[in-house]
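This report refers to the structure that appears directly beneath it.
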Amino acid sequence: MPLATPVAVRTKIASGRPDLVYLLQGEDEVEKSALAAEFAALVEEGLGAFNLERIHAGEMTTGDKIAAGVGTLLAAARTLPMMSSWRIVIVPQAEVLLAPTRESEQAARALAQLEAYIQEPEPQTVMVFVGSPLDKRGRLYKLLLKHATIVECGAIEDQGDAERWIRTRVAAAGVDIEPAAARLLAARGGTDVKRLRADVERLLLYALGEKVVTVEDARQVAGPQLLQDDWAMTNAIEAGKTGEALRQLALVLDTGAPPEKVLGQLAWLVRAKFPVLAPRRLAASVEAVFRTDQDLKRSVGDPRIVLERLVVELSAEKRNPASR
């Protein structure tokens, strides 16, 4: 089966249609723990005591312990859920069981039973192995790669992953964080986990004792480096990338830029670039800028929404071939 991202797994959980066997691996203990805990949402409220079981594999280090542990694990997996659609079995420290350091005939027999289960899991049980990265040459890893869903925890591929990573870290410290604050730090750190971790640690230290980390806290920690490209928004509009343009607009506003300054930048784009980018829609674009200016001066609506509407209109000009 293909590798999955934490986002894809959360989507499956939310849909109520999870896969039957998962391996959550990676060095990011917080992410693994948080994702494993989310499987509890598959069980109806109040029924977790009957349908959610954790079986720690950390002590399964000898043949007899592996045999006993696998027996307990399979018995739990084959127990029918009670008044619920799903039964969840979570196995922390799974690397101890899945890649034993000592082989014995007893352990081999037990692991053969586990392999048989992985190939034909119970249809109403979700088994979640949670552990450190396994050797990809190992027999059980290859079997899981074929029959289970493997999730690399801690891998950050884009801005959205970075924001979720930040929120998870801050929540693990027992603190909430404003969405705009998470956005700012994610924009600064990008997909660099080390940089994100350092920024979050500084942020939590700066906001020590506070229940909510604010965007102002993030500004104080991150400083002016956040705006790495003052023209990223206009560049995105020129490329017709509406989503990226809106993200850059949010970043600019979150750092405290006045809406009037942002509008000035957009007005320059229309005057300087649109005669070539979208000549047929130049008049309409100028009118949109003028309308936005009037709306800001009259305080018609939230300035962020007013500017977002303009950014969407201008980005659409680039995407529409008929406007050229």
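I'm trying to understand the selection: among the residues of segment 237-257, which are modelled with pLDDT of 85 or more and under 26 Å from GLU216 (Cβ atoms)?
ALA245, LEU246, LEU249
Considering only residues that are in contact (Cβ under 8 Å) with a residue 40 or more places away in the chain and farther than 15 Å from ALA182 by Cβ, look in segment 241-252 and name the one that is surrounded by the fewest Cβ atoms within 10 Å (Cβ to Cβ). Don't jump to the end; show me each part of the working.
The initial filter retains those residues of segment 241-252 that are in contact (Cβ under 8 Å) with a residue 40 or more places away in the chain, namely 241-242, 245-247, 249-251.
Keeping just the survivors that are farther than 15 Å from ALA182 by Cβ gives 241-242, 245-246, 249.
Values: LYS241: 16, THR242: 19, ALA245: 25, LEU246: 18, LEU249: 24.
Checking each candidate, the answer is LYS241.
Out of the residues in segment 129-162 that are closer than 30 Å to ALA198 by Cα, of a type in the set (Val, Ile, Thr) and touching a strand residue (DSSP E or B) at 6+ places or on another chain (Cβ under 6 Å), which is most open to solvent (accessible area, probe 1.4 Å)?
VAL130
State which residue is modelled with the lowest pLDDT when the search covers only segment 131-167 and only residues that are acidic (Asp, Glu) and more than 16 Å from GLU95 (Cα to Cα).
Pass one, segment 131-167, residues acidic (Asp, Glu): 135, 152, 157-158, 161, 163.
Still in the list and also more than 16 Å from GLU95 (Cα to Cα): 157-158, 161, 163.
Numbers: GLU157: 77, ASP158: 81, ASP161: 83, GLU163: 90.
Within segment 131-167, the match that is modelled with the lowest pLDDT is GLU157.
For segment 107-124, which positions are over 15 Å from ASP64 (Cβ atoms) and of a type in the set (A, V, I, L, M, F, W, C)? So that I can check it myself, show each step before the final result.
First pass over segment 107-124, keeping only residues over 15 Å from ASP64 (Cβ atoms): 112, 114-124.
Result: ALA112, LEU114, ALA116, ILE118.
Of all residues in segment 306-324 being among the basic types (Lys, Arg) and more than 29 Å from the chain's Cα centre (by Cα), which is modelled with the lowest pLDDT? So that I can check it myself, show each step before the final result.
Pass one, segment 306-324, residues among the basic types (Lys, Arg): 309, 318-319, 324.
Checking which are more than 29 Å from the chain's Cα centre (by Cα) leaves us with 318, 324.
Details: LYS318: 53, ARG324: 50.
Applying the filter and picking the extreme gives ARG324.
Starting from segment 149-165, take each residue that is part of a helix (DSSP H, G or I) and list its partners that are of a type in the set (Gly, Ala, Ser) and open to solvent by 40 Å² or more (accessible area, probe 1.4 Å), counting only C-beta distances under 6 angstrom and pairs at least six apart or across chains.
Close Cβ pairs satisfying both conditions: none exist.
To keep it simple, each residue is scored yes or no on (1) in a helix (DSSP H, G or I); (2) open to solvent by 70 Å² or more (accessible area, probe 1.4 Å); (3) out of contact with any Lys or Arg (no Cβ under 8 Å at 6 or more places or on another chain); (4) in contact (Cβ under 8 Å) with a residue 60 or more places away in the chain.
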| site | (1), (2), (3), (4) |
| --- | --- |
| LEU282 | yes, no, yes, no |
| GLU287 | yes, yes, yes, no |
| ARG291 | yes, yes, yes, no |
| ASP295 | yes, no, yes, no |
| VAL300 | no, no, yes, no |
| ARG309 | yes, yes, yes, no |
| VAL312 | yes, no, yes, yes |
| ALA316 | yes, no, yes, yes |
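Kindly provide the set of residues from segment 74-91 that are over 24 Å from GLY16 (Cβ atoms) and open to solvent by less than 20 Å² (accessible area, probe 1.4 Å), ordered by number.
LEU74
Looking only at segment 258-273, how many residues end up being modelled with pLDDT under 90 and surrounded by 14 or more Cβ atoms within 10 Å (Cβ to Cβ)?
Residues that pass the stated criteria total 1.
When you scan segment 98-121, do you find a residue that is closer than 19 Å to ARG17 by Cα and open to solvent by 40 Å² or more (accessible area, probe 1.4 Å), even just one?
At the first step, the residues of segment 98-121 found to be closer than 19 Å to ARG17 by Cα are 118-121.
Those still in the list that are open to solvent by 40 Å² or more (accessible area, probe 1.4 Å) too: 119-120.
The answer is yes; a qualifying residue exists.
For segment 1-16, give me the residue count where each residue is open to solvent by 70 Å² or more (accessible area, probe 1.4 Å), out of contact with any strand residue (DSSP E or B) (no Cβ under 6 Å at 6 or more places or on another chain) and in a loop (DSSP other than H, G, I, E, B).
So in segment 1-16, the residues open to solvent by 70 Å² or more (accessible area, probe 1.4 Å) come out as 1-3, 11-12, 14.
Now narrow it down to the ones that are out of contact with any strand residue (DSSP E or B) (no Cβ under 6 Å at 6 or more places or on another chain): 2, 11-12, 14.
Within this subset, residues satisfying the condition of being in a loop (DSSP other than H, G, I, E, B) are 2.
Residues that pass the stated criteria total 1.
Cβ contacts < 7 Å: first residue in contact (Cβ under 8 Å) with a residue 24 or more places away in the chain and more than 13 Å from VAL128 (Cβ to Cβ), restricted to segment 87-107; second residue outside any loop (DSSP other than H, G, I, E, B) and open to solvent by 80 Å² or more (accessible area, probe 1.4 Å), any location; separation 6+ or different chain. Result?
GLN106/ASP64
Would you check which residues across segment 203-229 are modelled with pLDDT of 70 or more, open to solvent by 70 Å² or more (accessible area, probe 1.4 Å) and within 13 Å of ARG188 (Cβ to Cβ) and list them?
Answer for segment 203-229, where residues must be modelled with pLDDT of 70 or more, open to solvent by 70 Å² or more (accessible area, probe 1.4 Å) and within 13 Å of ARG188 (Cβ to Cβ): just GLN220.
The values are calculated or read from the model by the stated rules, or taken from the named source; none is laboratory data. Just so it is clear, the model here is predicted, and its values are computed rather than measured. When we count neighbours, we look across all protein chains shown, and the Cβ atoms used for this are built from the backbone with ideal geometry, even at glycine. Quick note on the areas: whole protein, heavy atoms, side chains included, nothing else; ligands and nucleic acids left out. Shrake-Rupley method; radii C 1.70, N 1.55, O 1.52, S 1.80 Å.
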